[in-house]
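Since the structure comes first, as structure tokens, the remarks are kept for the end.
The values are calculated or read from the model by the stated rules, or taken from the named source; none is laboratory data. Bear in mind that the values here come from a model prediction, so they are computed numbers and not experimental data. Counting neighbours? That spans all protein chains shown, and the Cβs are built from the backbone with ideal geometry, glycine included.
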Amino acid sequence: PDHVPILELKQVQIAYGQIKAVKGIDLALHAGELVSLIGANGAGKTTTLNAIAGTLPIAAGDLIYDGASINSLPAHKRVQRGLALVPEGRGIFTRLTVEENLRMGAYIRTDKAQIETDMQRVFEMLPRVKERLAQVAGTLSGGEQQMLAIGRALLSKPKLLLLDEPSMGLAPLFVEKIFEVVQSIVREGVTVLLVEQNANLALHFSQRAYVMESGQITLTGTGDALLHDPKVRSAYLGE
Ligand code: ATP
């Protein structure tokens, strides 16, 4: 049922050796939501996404996805269960072609017959990627590489997509395009957790958001409420 979150973090702590990067956070996402995580550099946003994806272990607390604890589930099994991450810096294979990169996203799937249908769906969403299927991925522009990274994640057929700073380093036109793509992904029924430096855009497009500071969540609310919050305006919206 809808009132059960698709993802829940309960008092999650994440550490790099002795350094506590995330100090006991609670977070919940409901199916179909677009939720963003904003905050200054070093607040712990990337660390949090990596722990949800399973590329970093948690030191304490609970990660609950789709009704079950995933605390000790390896990253690739999380992908199989519909949890995909588009990492900071995109992580595309620069020497492979665009098409090879896309197909990598579908690598772990068992429903091979469905893959071609999903390729078409990704092409509709990302026409620019379709035009460049045979091109070596390393020769794409930053914006195109980001589109490709999103397309590759979509081919794993996620229920929950984690996006780490998709607009980073992109020209304004591409930033706009990325946010349009994120919206179309949400319209297709995928739940999205978005980490963004561009707090203004993130809050405009998100139903809800969490503000992180020094490893803790200090504020949460609807995108609209946070856009009008004086603390958020002065700390993150440059006012
Ligand atoms: P950014 O926007 O810079 O990515 P962030 O909010 O995503 O910021 P994190 O990258 O999660 O922040 O970093 C949180 C804290 O953990 C920071 O203090 C950072 O210095 C520290 N940290 C991150 N990665 C490592 C690492 N591999 N080893 C040690 N400390 C790390």
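Some observations on this one:
- Test for residue 214: is it in contact with a helix residue (DSSP H, G or I) (Cβ under 7 Å, 6 or more places away or on another chain) and either closer than 16 Å to residue 147 by Cβ or within 16 Å of the ligand (Cβ to nearest atom) (or both): no
- Scanning segment 225-239 for residues that are assigned to a loop (DSSP other than H, G, I, E, B) and over 17 Å from residue 206 (Cβ atoms) turns up 238, 239.
- Some residue of segment 95-107 being surrounded by 17 or more Cβ atoms within 10 Å (Cβ to Cβ), modelled with pLDDT under 95, in a loop (DSSP other than H, G, I, E, B) and over 17 Å from the mean Cα position of the chain (by Cα): yes
- Test: residue in segment 2-17 that is among the basic types (Lys, Arg), within 15 Å of the ligand (Cβ to nearest atom), on the phi < 0 side of the Ramachandran plot and in contact (Cβ under 8 Å) with a residue 40 or more places away in the chain: no
Here is a yes/no grid of residues against (1) out of contact with any Leu (no Cβ under 6 Å at 6 or more places or on another chain); (2) away from the ligand (no atom under 16 Å from the Cβ); (3) in a strand (DSSP E or B):
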position	(1), (2), (3)
21	yes, no, yes
24	yes, no, yes
46	yes, no, no
51	yes, no, no
58	yes, no, no
78	yes, yes, no
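- Residue 40 surrounded by fewer than 16 Cβ atoms within 10 Å (Cβ to Cβ), in contact (Cβ under 8 Å) with a residue 12 or more places away in the chain and either part of a loop (DSSP other than H, G, I, E, B) or in contact with a Lys or Arg (Cβ under 9 Å, 6 or more places away or on another chain) (or both): yes
- The residues of segment 176-202 that are surrounded by 18 or more Cβ atoms within 10 Å (Cβ to Cβ) and within 16 Å of the ligand (Cβ to nearest atom), listed by number, are 193, 194, 195, 196, 198, 199, 201, 202.
- Those residues of segment 206-222 which are surrounded by 21 or more Cβ atoms within 10 Å (Cβ to Cβ) and either assigned to a strand (DSSP E or B) or of a type in the set (S, T, N, Q) (or both), in sequence order: 206, 209, 210, 211, 212, 217
- Residues that are more than 9 Å from the ligand (Cβ to nearest atom), closer than 17 Å to residue 226 by Cβ and in contact with a Ser or Thr (Cβ under 8 Å, 6 or more places away or on another chain) within segment 28-44 comprise 29, 33, 34, 35, 36, listed in sequence order.
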